[in-house]
Amino acid sequence: ENTLLTGYKDGFYIRSDEQDGMELRVGGTLQGDYRHYGETARDNRFDIRRARLMFRGQLTPWFRVGLTYEFQGNETKHLIDAYGEAAISEFHSLRFGQFKEPFSLEWQTRNKGLYFAERSMGYSLGPKRDIGLMLHGSFYHDTVNYAAGLFNGDGIDGSSGGESDEPELAARLVVSPFKASSAEWLKFLQIGASATYAQIDLSNVDLEVKSSGMTGTGMNLYVLGHNTKFGVIQNADNRIRTSLEAAWAWESFALTGEYFRLKYTDLKPSGKPARDAEFSSWYVSAMCCLTGEDFVLSRGVMKPLHPESVFNPAEGAFGAVVLAARAEYFTGDEDWINPVAFVSVKEADAYSVALNWILHPMHRMIFDYTYTDFSDPVRVRVNPDGNVDYVEKESVLTLRFSTDF
Amino acid sequence: ENTLLTGYKDGFYIRSDEQDGMELRVGGTLQGDYRHYGETARDNRFDIRRARLMFRGQLTPWFRVGLTYEFQGNETKHLIDAYGEAAISEFHSLRFGQFKEPFSLEWQTRNKGLYFAERSMGYSLGPKRDIGLMLHGSFYHDTVNYAAGLFNGDGIDGSSGGESDEPELAARLVVSPFKASSAEWLKFLQIGASATYAQIDLSNVDLEVKSSGMTGTGMNLYVLGHNTKFGVIQNADNRIRTSLEAAWAWESFALTGEYFRLKYTDLKPSGKPARDAEFSSWYVSAMCCLTGEDFVLSRGVMKPLHPESVFNPAEGAFGAVVLAARAEYFTGDEDWINPVAFVSVKEADAYSVALNWILHPMHRMIFDYTYTDFSDPVRVRVNPDGNVDYVEKESVLTLRFSTDF
Amino acid sequence: ENTLLTGYKDGFYIRSDEQDGMELRVGGTLQGDYRHYGETARDNRFDIRRARLMFRGQLTPWFRVGLTYEFQGNETKHLIDAYGEAAISEFHSLRFGQFKEPFSLEWQTRNKGLYFAERSMGYSLGPKRDIGLMLHGSFYHDTVNYAAGLFNGDGIDGSSGGESDEPELAARLVVSPFKASSAEWLKFLQIGASATYAQIDLSNVDLEVKSSGMTGTGMNLYVLGHNTKFGVIQNADNRIRTSLEAAWAWESFALTGEYFRLKYTDLKPSGKPARDAEFSSWYVSAMCCLTGEDFVLSRGVMKPLHPESVFNPAEGAFGAVVLAARAEYFTGDEDWINPVAFVSVKEADAYSVALNWILHPMHRMIFDYTYTDFSDPVRVRVNPDGNVDYVEKESVLTLRFSTDF
């Protein structure tokens, strides 16, 4: 029996006073949105974007456990993260259970370290969370960060029972060559690459690409499923994803950019020859902290920015402000678009500006305006009178209050 | 980093010892029922009525966050409350996220402050929880309490995508004119009014009215949906709710009463003229604390009664006992009743008596007997042999053990 | 208001320093599996087997509350345990809400006290958790343990509304005649019996028997539902379960065995005479702790084994190791098997060997190999090319890391 201490540091904790001793953290995330569209056919509304609970336990110096639950929305899958992690050494760990597949800077960076309401369109091309096993760590004082794992390849709590039970391979490698350098402006420069490879079955052909304003709605920029314009797919071979990334931060300024590519090989519709389906996307974003706080890249990801003074008007303190801009582009495979379905586009380009007001390490407001231009019309809905609403662009203003406790 | 204290006061907490400092509360509610019906066609059974988890965080003096989850039943929507609240001043706050729409004394009063197994039939006519934004507070030392907000109008985690995306307006105003008076018997006298107004779409025409014994079952007193006796509804205009309330408490005695009204305007069935649908209900209830504890009305709602001594037979202490009686009445729109469906009644009146044994601030037993008389037969089920069971009344005894920790 | 202490003992707690004082425990269970089959038709994969949260509250000396949630899988029913328990005396309690029906040693023993990846096939024949009321306790210093209760008989959060609303009776009695004896080798010898009896309706005819490797998949060893080879069942009479158990532990060695029987009486298919359906199963298992720790039986169940030293290679400590072996047998009612459906077998026998490495009271790895032989082929799936995969045996290796915090 141990007597433990209670406190708060980036979250409420109960822990022993030894180094690396026992610790339990209980926390959560709540994000409340208001979304307004420029197009009248779209549905302006309030939304709960995330409502998560988090439990983190450090039970022994060499073992951690993490559980995260998401209760937003009308979903049956509430388990987000559920992993155990054994420390092999100070810098290398083996993680197993359900967690984020290693891929892409944007995906690996926590919500709190991103400065737009939503991730870029390329996010849809990457893997999400999955069940598996991963080795990850860093070499040479954070100069090289790696993660590589084996996963089911079926996504969160995937219970698809296709023919292929080969695991998906996923890996990410990030190099920060000047991490130890004395040149401050080079210190946070990193480049990286990721890839996943899996033999798949039909249940894995389920792509849905979304623009910023389509998040949480039934609308998509591109849909590829079982049932295509060539007929029902009967066989699939591989799914290959690749991404290249670069990031640089210097004092109150940061730049990030990524290129994503997703390829399904040999999708075989009934009675027709097999063919591939290819998708790509890129984004470039720039962040500037108007109140002078510094951006930090650590362990291959962008750290959440910590305001120097927290909101307290009585003392003339108002927190930190980050201004961010992003350009992005998506190309969907033309071949697989059914022109009468109006659910997929060949190309889309999007531009975002976002103002982040970080009142407190735990509280943030985001004002994000994103304009997306589609190459083809997308159906919004069929009205009761039989008329169909289409949109060819989307301009969406998202107001978000986010709190992490 | 702060070191915090751990304790219990109306729930377990971790908090700093400063005034208005950081605080996390973790708690829950568990209600186990046994329900017995006088009618043999109905299904006597044990039930878990509520099984909630609650997290409340005070992160900064000016910001609170609340998360409540309900895990009872075979539902996918577990998120009950998910709100952030910014204190504008000591007496006024801005709340956003998902929470109870401001409407009606009975709805605003917590479970622990109500002395019957279920809320009255009028509860079905009011709004429930929704996603939105609300300003609320009080003036003149609790003499005037107000709350007004904008909501999606689609209920919990509503993701309906109708044509109308106008927000619902909801407001409640309660006046306690003698709050500051020295006349004890006038102090807790309050009157109030509430209203909601929304332009709606078809997905919002989904009324289900339930009697006490129908809670948690598939049975209803009145159903109004898409598909009516006039055919499928193709258009809807407004939904307007109003309620009037009065409450009075003096020492161990309390009276409450409310009148509810719900109106859908211009429901347009296919090929037929549009018409309105109107519903109303009222209840009057009286509570008497046999063990002498006082009832308290504060911030416009009934506070849970605190027993003077907790159950401890060794010291001859048995907690508090509250006896309560209620009469209520419901009128449903005659026009929209399909006489061959047997799912709706024109009128219902109900009478309840309930004994509340409050063993401890956290433990309560309720013995509630409610008799409801229907103006028309309601179908219970079709038996395998083809016979149909109907009921024209309901007499239900609910035994509940309730614990809040 | 009370100030409480924080600590860890078999879980994190907040509690007062009085004897039997207020206490809140927050904990969880995470089990990550990798499952590999000897049969190529089966699907090797990673899995989250359990991802539970647990809250236990002791609010007053005479009342406890327990809530357990399971978030693994694509399920809507997350509430596992939700009960209140009133202490009648030191040794007898009344429990109500949702919890495990009293039946069988294997079912009553917690996961941590079992040494195979999955419970035996007989587990499928027993009751699971249900909503009801139970008296349980022990006499003569743990010599006699009993539990008896009334339940809905419809399982977790059952909301089936059949004709029969008679409660299910369930009881278990365990006798350890030599508990107080000075003969160490007789002390932990116990024998017991359990039974359940219920008048049922059609919704209760829903048997699915699974082998070790079928857990969490859609496959079964035997399926009995509404729709049988004799046609749709129109009436059902009783469901009767019985089990006999014996267990013995002496120092580092333990033996357990059980016999299960399940009988549905007078299942009446449409236009055919009523007939019974009968099922039985047994298992025998032996456990040996290679590192010398002792097994303990207490309150009628097997206690989790506590390692003498926790994993710490620097000090040459590696935890405890338990080797376990099990033989089991299942017989399904021949009459109700539809020979062209390939979803049920007449008989199955299974053999398991399992190595348990208990690194820490909270961490355990299990390596379980189970071979099951079926008397008849069972369909695995229909391939896209029209071929059907069948199996007549199952050899499955389960690797599990389990953590309880």
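The values are calculated or read from the model by the stated rules, or taken from the named source; none is laboratory data. The structure presented is a predicted model; accordingly, all values stated were derived computationally and were not measured. Cβ placement follows ideal geometry from the backbone for every residue including glycine, while neighbour counts extend to all protein chains displayed.
A few remarks follow.
- The one condition in (1) surrounded by 16 or more Cβ atoms within 10 Å (Cβ to Cβ); (2) in a loop (DSSP other than H, G, I, E, B); (3) within 13 Å of another protein chain (Cβ to nearest Cβ) that residue A:218 fails to fulfil: (1)
- Any pair with Cβ under 6 angstrom, 6 or more apart, that starts in region B:95-119 at a residue that is without any contact (Cβ under 8 Å) to a residue 60 or more places away in the chain and ends at one that is part of a helix (DSSP H, G or I): B:119/B:106
- Selection over region A:24-52 of residues that are more than 18 Å from the chain's Cα centre (by Cα) and free of Cβ contacts under 8 Å to residues at least 40 places away in the same chain gives a count of 7.
- Which listed residue, of C:326, C:364, C:381, is over 23 Å from the mean Cα position of the chain (by Cα) and basic (Lys, Arg): C:381
- Residue within region B:22-32 that is basic (Lys, Arg) and in contact with a Ser or Thr (Cβ under 9 Å, 6 or more places away or on another chain) present: no
- Elements of type strands (runs of 3 or more DSSP E) in region A:301-405, at least 3 residues being more than 11 Å from every other protein chain (Cβ to nearest Cβ), in contact with a helix residue (DSSP H, G or I) (Cβ under 8 Å, 6 or more places away or on another chain) and crowded, with 22+ Cβ neighbours inside 10 Å: A:347-360, A:363-382, A:388-404
- Within region C:319-352, the set of residues being within 13 Å of residue C:116 (Cα to Cα), in contact with a Lys or Arg (Cβ under 8 Å, 6 or more places away or on another chain) and free of Cβ contacts under 8 Å to residues at least 40 places away in the same chain comprises C:351 only.
- Subset of region A:13-34 that is more than 10 Å from chain B (Cβ to nearest Cβ) and not in a loop (DSSP other than H, G, I, E, B) - its residue that is surrounded by the most Cβ atoms within 10 Å (Cβ to Cβ): A:24
- Any chance residue C:192 is among the small types (Gly, Ala, Ser) and crowded, with 18+ Cβ neighbours inside 10 Å: yes
- Close contacts from region C:54-74, counting a first residue that is farther than 23 Å from residue A:71 by Cα and more than 7 Å from every other protein chain (Cβ to nearest Cβ) and a second that is small (Gly, Ala, Ser) and part of a strand (DSSP E or B), with Cβ to Cβ under 7 Å and a gap of 6+ residues or different chains, come to C:62/C:86; C:62/C:87; C:64/C:57.
- Filtering B:294, B:276 for residues that are more than 24 Å from residue B:355 (Cβ to Cβ) and either in contact with a Leu (Cβ under 9 Å, 6 or more places away or on another chain) or surrounded by fewer than 16 Cβ atoms within 10 Å (Cβ to Cβ) (or both) leaves a single hit, B:276.
- Test result for residue B:171, more than 20 Å from residue B:84 (Cβ to Cβ) and without any contact (Cβ under 8 Å) to a residue 40 or more places away in the chain: no
- Only one of the numbered conditions (1) buried (at least 18 other Cβ atoms within 10 Å of the Cβ); (2) more than 9 Å from chain C (Cβ to nearest Cβ) is not met by residue B:89, and that is (1).
- Residue B:139, sole failed condition from (1) buried (at least 20 other Cβ atoms within 10 Å of the Cβ); (2) under 30 Å from residue A:363 (Cβ atoms): (1)
- Condition check for residue B:45: closer than 30 Å to residue B:394 by Cβ, at pLDDT 90 or above, in contact with a helix residue (DSSP H, G or I) (Cβ under 9 Å, 6 or more places away or on another chain) and within 11 Å of chain C (Cβ to nearest Cβ): no
- Test: residue in region C:247-266 that is surrounded by fewer than 16 Cβ atoms within 10 Å (Cβ to Cβ) and within 15 Å of residue C:335 (Cα to Cα): yes
- Subset of region B:68-107 that is charged (D, E, K, R) and farther than 30 Å from residue B:32 by Cα - its residue that is farthest from the chain's Cα centre (by Cα): B:90
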